[in-house]
Amino acid sequence: MADMRRAFGFPKVVNEKAARVVAAFVVLVAVLALATGWLWLAAVLAVGFALRVAAGPRYDPFGQLATKVIAPRLGDPVLVAGAPKRFAQGVGLLFTAGATLALALGAPAVTVGLLAVLVVFAVLESAFGFCAGCWVFGHLMRWGLVPEAICVECQDITLRTRQRQAATA
């Protein structure tokens, strides 16, 4: 059982820089799909989200490239709680699985709409460091739908910003 937990399972702590790089890859692939009409790329994105939900960056090519190659070149890691990032990956999985299903059912307009929404939120994460899934996760905790013990930092999405400001002051 411990081997399964090691093989699968999301890290408790995530490098936010790596998460933002993964979001940038999602933006690139989703924009490519929208620009070229290669809507089947929604399935590729869905597989990546599924791999990240199941095991973090361990088996995902975007995750590996982000954590092992790109993020280390961006300076010291910025560590954040993993639970809200996993939740956000789950939301991405729902959007891309829905987009893939819509395409398979002959509704490409729905696929385009879902990918467009995904692009907006992935841009917010990659360019501005705003993780909408993390924000929702924090609200779910405040409303008592997610136990506080899972992530104290997520209850106050501004905590990270205040900690950064205190560190630079």
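The values are calculated or read from the model by the stated rules, or taken from the named source; none is laboratory data. These numbers come from a predicted model, not from an experiment. Please note: Cβ atoms are built from the backbone with ideal geometry, for glycine as well, and neighbour counts cover all protein chains shown.
Things to note:
- Candidate set: the range 66-89, residues that are within 27 Å of T36 (Cβ to Cβ) and in contact (Cβ under 8 Å) with a residue 40 or more places away in the chain; chosen: the one surrounded by the fewest Cβ atoms within 10 Å (Cβ to Cβ): I70
- Any hit, the range 102-109, residues being more than 18 Å from K17 (Cβ to Cβ) and in contact with a Cys (Cβ under 8 Å, 6 or more places away or on another chain): no
- Which numbered condition G144 fails, given (1) at negative phi; (2) modelled with pLDDT under 95; (3) not aromatic (F, W, Y): (1)
- L93 out of contact with any Ser or Thr (no Cβ under 6 Å at 6 or more places or on another chain) and either farther than 17 Å from W38 by Cβ or crowded, with 17+ Cβ neighbours inside 10 Å (or both): yes
- Every condition in (1) out of contact with any helix residue (DSSP H, G or I) (no Cβ under 6 Å at 6 or more places or on another chain); (2) in a loop (DSSP other than H, G, I, E, B); (3) modelled with pLDDT of 95 or more holds for V47 except the one numbered (2).
- Q64 meets the conditions (1) farther than 24 Å from G138 by Cα; (2) in a loop (DSSP other than H, G, I, E, B) in every case but one. The failed one is (2).
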